[in-house]
Structure formats: C-alpha cells, structure tokens
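A quick write-up on the structure given underneath.
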Amino acid sequence: MSKGNILLAAGGTGGHLFPAEALAHELKRRGWAVHLVTDKRAERFAGQFPADEIHTVRSATIGSKNPLSIARALWTLWQGYREARRLVARFQPKAAIGFGGYPTVPPIFAAASLGVATAVHEQNAVMGRGNRLLAGRVRAIAGGFLAPSGPYAAKMVLTGNPVRPAVIESAAVAYRASAPGEPFHLVVFGGSQGAQFFSQALPAAIKLLSEASRQRIVLTQQARPDDADLVRANYAALGVTADIAPFFGDMASRLAAAQLVICRSGASTVSELAVIGRPSILVPYPHALDHDQAANAAALAAQGGALVIPQAELSAERIAKLIEDAMSEPSRLSEMAAAAKRTGKPDASVLLADLVEAIATGKATGHAKETQQ
Ligand SMILES: CC(=O)N[C@H]1[C@@H](OP(=O)(O)OP(=O)(O)OC[C@H]2O[C@@H](n3ccc(=O)[nH]c3=O)[C@H](O)[C@@H]2O)O[C@H](CO)[C@@H](O)[C@@H]1O
C-alpha cells in the first residue's frame, strides 16, 4: 500500500524537471505515490517521469517590465494558483516540493496555504526568482550547490542535485583514456535546449585541427533543430564521424563513453559530469537572467575537474588548441576525470528523499538539520 501522495512541482526546462524525476524514482522506491505538477513547456521533457499522475497547471513568467504584460502574467499565475488549490485539496499530499521556476510558485503557495508541508530544491549556486518568492513560506530549502547561509540558513540543507538512474549507472563506467592514434570521443552539448554558439564554433574549430587529430574524433553534438542540418553537413564535408541531434535521450551513456565534454554549466550538467567523472571544458551561458552558470562550475573547476572559459574568449583557434592539447595529454584528462568524480554527489536523491520524508511526517519543522552533510 502507498504511504501517501507527494506532490512535485517542476516546469520550464529539463534543468528543473530532471532532478525532480530523479527524486520521484527514489520516492516511488520507498512506497510513495508521486504527482507531478508542471506546465505546458516542460511536457516534452516529462516522457520518462515515473509519476502516478501528471497535472498541468497554468503558469506565466514575469520577464517583462511592461505593466500590461506583468498584469497578464499575474492574472495567469492567479488562475494557476486556483487550479493548484483544487488539485491539492483533491490529492491531499503529505508534502509538496518545488524545483524552481515560475511554474512552481502557484502549486507551492497553494499547498502551503492549505497546510501541506512544503520545501523547495534549488539546483543552482545562485537562487532563482521562483524559489526566492517561495523561500519564506516553505519549511525547508534544499540546495544542489547552495550551502546554508543568509536569512534562511536554519532551514537550508545541502543535498546536491539528484541525478537520474541512467547517470548512476554510467557512474560505474571507469574513465578510459585515449592514447595517441586511438578514437577520441568528444561530446558537445548546450543543456536541455541546446546552444547555438556550439553549432558555429565547433565545426570551425574542428576544421583547424591537424588531419591526424580530426581522424581520431568521434563526435556527439547536440544542435538546435534549426541548426542540425547545417552542422551535420559541415562535419560531413570535413570527413568527421559525427552524431548530431537536437536532444539525445541517452546522454548519460554518451557521457560515460566520452574522453572530453564541451558544454554549458547548467546545474544538472555540472552535477552529472561530477557523478560520472568526466573532464570538461565548461562555457557558462552568458545571458542568464537568474542563474550565474559560472557559479555552478566553480567547485568542479577549483578541484581541477573542469576548465571554465567565458564564451567571449573562445575563438575557433582557441577551441582548436584546447582540443588538440587535450588529445595529446591523455594522462592530464584522466587526472581531470578523477578530480571531477571527487566532487560528485551520487546520493543526492537519497538525501533529498530523507528530507522530504522528514517534513512529510512532521519530523523536520523549520529546522532540517538531520540530513545535513
Ligand atoms: C539557459 C538557462 O536558463 N539554463 C538553465 C537551465 O538549464 P538546462 O535546462 O540546460 O539545465 P541543466 O544544464 O541543469 O540540465 C540539462 C540536462 O539536459 C540533459 N541533456 C542535454 C542535452 C541532450 O541532448 N540530452 C540530455 O539529456 C543533460 O544530461 C542534463 O540532465 O536550468 C538549469 C537548472 O536550473 C540552470 O542551471 C541553467 O542555467
């Protein structure tokens, strides 16, 4: 018999949804029924989500300064709040956990206003706007990288970012260095939605490699749907073995096979690189409103597991040199892989599930120290 319902609210991008998915697996394993509340945009990432039911509530992002747009967004959020209240009243969850982004604000407010124990999980090293709105209302704040500090320190817990079961499986695969002359597996991706920068920058850089190096490259590269054909054609013209797609459903096993990864430093991306233990060149998204991606990468870089390089400094020549150097120094890459792995938090799902159960059963009220690492 189920222990009861837990409501998880996550929306927007894969970056919010995937940690919720990882937690859902652990909660289901422990006998809870899981209800996911999300928004329209996140539906395309929710295919693998092990929820008993998925509910869509209306949501809006307050991104503009135009008073009419703000009024419209607030009205939609209010409607979302009313929908969420009806859901909460119907399913009577024992706890409700938000994973950041505006779509989580109506359901978590609704749950708190009906007396349900609530928490938020912040994946990033800097708290986003949605979670900042909720921070005062919830019983606990779990962090992927966010150590307890500031006015809410007493209810903050560093759990790490839950990673999905496929990532945990890939973590069992040891890093394999590529000796000179051997195939070199390079994985390039931009996050759950891709990054245009890599579609232009990487083919230009790979064109500058020596012929011998280019022959060694076995490439996986994510490209946005509009860019994919051109990227594919550019690599075909260079004679490079390349697998190009807008989204790889098997990213964890591609990371496991990689000798080097070049990508953005979104929270789950950084956490997965650490748990699996792969060397990377991280290029923080330069225009982020909320999440300073460089901050996510800081611990991994400080331990020597990754190089963090601003996009503005990455000419084709610089990228080519970075790749050429990496290919000629397999032992340096192996050291980076080991350093990355030392910063990994493979038990984040377990720690977060402990916290959820503590608030669901009333054991953590305002003070969530039990699960602190
Ligand atoms: C532009 C923007 O606002 N980005 C934010 C967004 O990023 P984004 O949604 O890109 O989030 P993350 O980098 O955290 O996660 C990307 C996820 O997509 C997966 N993946 C990616 C490509 C692919 O082909 N297949 C695949 O499975 C990765 O393995 C990873 O699990 O949410 C993150 C978590 O709040 C934030 O840190 C980012 O700053």
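Summary of computed values
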{"read-out": "Residue match in segment 88-111 (condition: surrounded by 24 or more Cβ atoms within 10 Å (Cβ to Cβ), within 16 Å of the chain's Cα centre (by Cα), without any contact (Cβ under 8 Å) to a residue 40 or more places away in the chain and outside the structural domain of ILE276 (by TED's automatic domain parsing))", "value": "no"}
{"read-out": "Residues located in segment 252-289, provided they are in a loop (DSSP other than H, G, I, E, B) and within 7 Å of the ligand (Cβ to nearest atom)", "value": "ARG264, GLY266, TYR285, ALA288"}
{"read-out": "Verdict on ALA171 being touching a Pro at 6+ places or on another chain (Cβ under 8 Å), within 16 Å of the ligand (Cβ to nearest atom) and touching a residue at least 60 places away in the same chain (Cβ under 8 Å)", "value": "yes"}
{"read-out": "Conditions (1) touching a residue at least 60 places away in the same chain (Cβ under 8 Å); (2) in contact with a Leu (Cβ under 9 Å, 6 or more places away or on another chain); (3) in a helix (DSSP H, G or I); number of the one not met by GLY15", "value": "(2)"}
{"read-out": "Any hit, segment 78-93, residues being assigned to a helix (DSSP H, G or I) and among the acidic types (Asp, Glu)", "value": "yes"}
{"read-out": "Which numbered condition HIS25 misses (of (1) surrounded by fewer than 24 Cβ atoms within 10 Å (Cβ to Cβ); (2) over 15 Å from the mean Cα position of the chain (by Cα); (3) within 15 Å of the ligand (Cβ to nearest atom); (4) more than 22 Å from LEU351 (Cα to Cα))", "value": "(4)"}
{"read-out": "Residue match in segment 311-327 (condition: assigned to a loop (DSSP other than H, G, I, E, B) and either in contact (Cβ under 8 Å) with a residue 24 or more places away in the chain or among the aliphatic types (A, V, I, L, M) (or both))", "value": "yes"}
{"read-out": "The lone exception for GLY239 - which of (1) closer than 19 Å to PHE184 by Cα; (2) surrounded by fewer than 19 Cβ atoms within 10 Å (Cβ to Cβ); (3) touching a residue at least 40 places away in the same chain (Cβ under 8 Å) it fails", "value": "(3)"}
{"read-out": "Residue pairs meeting the criteria (Cβ under 8 Å; at least 6 apart or on separate chains; first part of a loop (DSSP other than H, G, I, E, B), in segment 174-195; second within 14 Å of the ligand (Cβ to nearest atom) and among the acidic types (Asp, Glu))", "value": "GLY194/ASP227"}
{"read-out": "Filter result (more than 15 Å from the ligand (Cβ to nearest atom), modelled with pLDDT of 95 or more and among the aliphatic types (A, V, I, L, M)) within segment 130-140", "value": "ALA135, VAL138, ALA140"}
{"read-out": "Unique residue being within 13 Å of the ligand (Cβ to nearest atom), within 23 Å of SER170 (Cβ to Cβ) and surrounded by 15 or more Cβ atoms within 10 Å (Cβ to Cβ) when the list is ALA245, ALA299", "value": "ALA245"}
{"read-out": "Any hit, segment 290-302, residues being farther than 27 Å from GLY101 by Cα, modelled with pLDDT of 95 or more and not assigned by TED's automatic domain parsing to the domain that holds ARG132", "value": "yes"}
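Conditions (1) within 16 Å of the ligand (Cβ to nearest atom); (2) closer than 23 Å to VAL34 by Cα, marked per residue:
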site	(1), (2)
VAL105	yes, yes
ALA117	no, yes
GLY128	yes, no
ALA142	yes, yes
TYR152	no, no
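The values are calculated or read from the model by the stated rules, or taken from the named source; none is laboratory data. Here the structure is a predicted model, which means the values were calculated and not measured. Positions of Cβ are backbone-derived with ideal geometry, glycine not excepted, and every protein chain shown enters the neighbour counts.
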